[in-house]
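In what follows, a single structure is set out as structure tokens and then discussed.
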Ligand SMILES: Nc1ncnc2c1ncn2[C@@H]1O[C@H](COP(=O)(O)OP(=O)(O)OP(=O)(O)O)[C@@H](O)[C@H]1O
């Protein structure tokens with residue numbers, strides 16, 4: 001299964017953010033989307049999630065040679081700033097979400113199994129989410145986005161608010177689930193991108209470019225990425 005982007009264009013007034021972005025993302029890989037501040041990473045995610053309309057181009061899912069449009073059930077989108085209903089407890093939120101998504105869920109686990117999977121402590125599960133830390137809200141947002149098992153998982157700087165232990169757990173979790181998803185995440189943390197991702201994709205001047213990893217050690221690869229990102233200034 002693939003997510004194909006063809007010549008995506010998006011501008012805000014006169015500012016052309018995406019200028020013919022072309023890329024094919026495949027299931028089973030973690031893609032690290034890198035770009036300078038304001039390069040358009042969130043805009044690209046918002047386009048794929050159809051929160052905003054594209055001005056040109058197209059995108060679709062291709063499965064065994066058959067193309068089809070993306071539907072909302074295909075996408076899980078974890079925002080960099082988590083948005084959760086703060087008046088609910090973690091358990092109420094998860095229960096509500098499981099109920100409304102029951103039909104499309106591929107496996108059913110108990111609520112506590114989900115909390116265990118996401119390493120949310122027992123003592124926190126029945127607290128109101130208004131008292132959750134940023135990282136805990138982020139975990140809840142990640143959890144409700146992955147339990148529906150969406151084809152495409154868009155993660156906008158998802159690990160930035162996690163402490164090192166949780167970030168490590170989340171990395172392991174993403175590696176565990178990657179075989180069933182097209183996983184794209186944006187980050188400014190180079191080490192994270194190098195460590196976690198199978199491919200690095202750079203958003204540069206409104207277009208997407210893969211940086212092949214072969215035959216480069218981490219330091220050389222890092223230099224290459226920075227050079228490519230610097231290219232925007234030229
Ligand atoms: N709704 C909007 N209206 C007008 N301009 C917008 C809108 N959304 C984004 N932009 C502009 O589009 C450009 C790309 O922004 P975007 O947030 O996609 O970048 P980014 O790569 O995610 O940045 P960062 O790494 O800093 O989070 C910026 O110049 C931003 O000001």
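Each value in this text was obtained by applying a stated rule to the coordinates, not by laboratory testing. What you see is a predicted model; the values in this text were computed from it and never measured. Every residue, glycine among them, receives a Cβ derived from its backbone with ideal geometry; neighbour counts consider all protein chains shown.
Worth a mention:
- Relative contact order (%) - the range 33-170, alpha-carbon pairs under 8 angstrom, separation at least six: 32 percent
- P(r), alpha carbons of the range 54-117 - 5 Å bins starting at zero, rounded %: 3, 11, 15, 20, 18, 11, 10, 8, 3, 0
- In nm, spacing of pseudo-spin labels at residue 99 and residue 220 (7 Å Cα→C-beta vector): 5.8 nm
- Computed on the chain, with alpha-carbon pairs under 8 angstrom and 6+ residues apart, the relative contact order is 30 percent.
- Dividing the mean sequence gap of close Cα pairs (under 8 Å, 6+ apart) by how many residues the range 8-102 holds gives a relative contact order of 22 percent.
- Efficiency of FRET from Cβ geometry, residue 11 and residue 130, R₀ 30 Å, rounded to 0.05: 0.20
- Among 205, 141, 103, residue whose mean-square fluctuation peaks in a GNM of the chain (springs only between Cα atoms under 10 Å): 103
- Once the mean of 1/r is taken over each pair of separate Cα atoms and inverted, the chain shows a Kirkwood hydrodynamic radius of 18.6 Å.
- Relative to the longest principal axis of the Cα atoms of the chain, helix 90-100 runs at roughly 70 degrees.
- The calculated FRET efficiency for the pair residue 228 and residue 4, based on their C-beta separation and a Förster distance of 30 Å, comes to about 0.85.
- Cα long-axis angle, helix 164-177 against the chain (0 to 90 degrees, to the nearest 10): 80 degrees
- The alpha-carbon atoms of the range 11-99 define a convex hull whose volume equals 163 cubic angstrom per residue.
- Prolate/oblate/rounded call for the range 85-173, Cα gyration tensor, a/c under 1.5 rounded: oblate
- Sorted by Cβ density within 10 Å, fewest first, the residues 95, 14: 14, 95
- Put a dot 7 Å past the Cα of residue 83, heading toward its Cβ, do the same for residue 168, and the two dots end up 3.4 nm apart.
- Choice from 108, 80, 149 with maximal GNM fluctuation in the chain (Cα, 10 Å cutoff): 108
- C-alpha long axis of helix 134-147 to longest principal axis of the chain, angle in °: 90 degrees
- For the range 36-60 and the range 142-157, distance of Cα centres in Å: 17 Å
- Most fluctuating residue given options 102, 193, 167, as computed from a GNM of the chain linking Cα atoms under 10 Å: 102
- Residue 122 versus residue 66: modelled label distance in nm, points set 7 Å from Cα along the beta carbon direction: 4.7 nm
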